[in-house]
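Throughout, read-outs are computed from the coordinates displayed, never taken from laboratory work. Being a predicted model, the structure only gives us computed values, none of them experimental. Note: ideal-geometry Cβ built from the backbone for every residue, glycine included; neighbour counts use all protein chains shown.
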Amino acid sequence: MADQCDLCLLGLIILSSLLTGASGVDEVFISSDENVCLPCNNALSDCKLPTWIYNSFRHSEIVDLIDRGIKNKDTERHERLSLGSDCSLNIKNVTEEDPGLYSCRQYVNGEQQEPDAYVYLHVLHVSVSPSSSSSSSSSSSQISPGRSVTLSCRLYSYDFPCDDWVRSEGLQLLWVNQAGVDLKTDSRYQILLFSSDHCIITLTTTLLNEDDNREWRCQLTLRNQLQTSVRYTVKYSASETEVSVIAGSLFRVIVIIVEMAVFAAPTVILLQIICEEELGGRTRSTQRK
């Protein structure tokens, strides 16, 4: 019953923040694999033993991450958590499993102090289509030229239709190059935006030799303000490069051998003619004697 009440409270908090911009609620946007610091805005001047509670939007679970200053070691993310001197919650190497509502609670002499401080954590994450790489990454991938690659950039947040974000907050997702130019302007790239349910934008292109170490960025803006971005760097594997170098070197060696054979052949023939003529002259001279 308590869990149901907490979930109802979670829903009311989310709805009120969307409709009215509730005060005391912080919004934090971060890209995956980065570190983030969640503020505890109701921290007391002598804050020492805060409680941090996590509400997952994806799995409908409520977890006590830190109970009065003591970390819950039963959670998968406990090794990535730490407390700041101001009772803020530090999370290392944020993943797409970390988004949700974080509540900071204070106690004095064993009694809960009101109100709680709430922080929404939203995570922007990039994944690679399985057919393009043996592994997915939000920063880089070892793939080869000539193959088609699809990058999916998704905002992991609370489970509201993305259309609501677009209408109420002016949310926008973009794929840009290193110079910040929108890749939709380049016909080489196919950009698709899914905005009905989930905030996802995909980029599909065929890789070229010159794409090695090329960087693409997925950017998230709200109300025309950049909130966060994810960098994706193309890196061709060393084996592909070594094969290319060996093949190129072998080709050059073959060319040199052929050239030497082409230019050496007339010289050999000429020397053979000279030797035969000289030998014939000596034979005739001996016969006359």
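Treat the count of other C-beta atoms within 10 Å as a stand-in for reagent exposure and order THR205, THR95 from fewest to most. Let's see the in-between values first.
Values: THR205 19, THR95 16.
Ascending Cβ contact count within 10 Å gives the list THR95, THR205.
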Gap separating the Cα centres of the range 144-166 and the range 176-190, nearest whole Å: 16
Spin-label pair ARG231/ASP186, simplified geometry with 7 Å Cα→Cβ offset, distance in nm: 1.7
Inter-label distance, nm, simple model (7 Å from Cα along the C-beta direction), GLU79/GLN178: 3.5
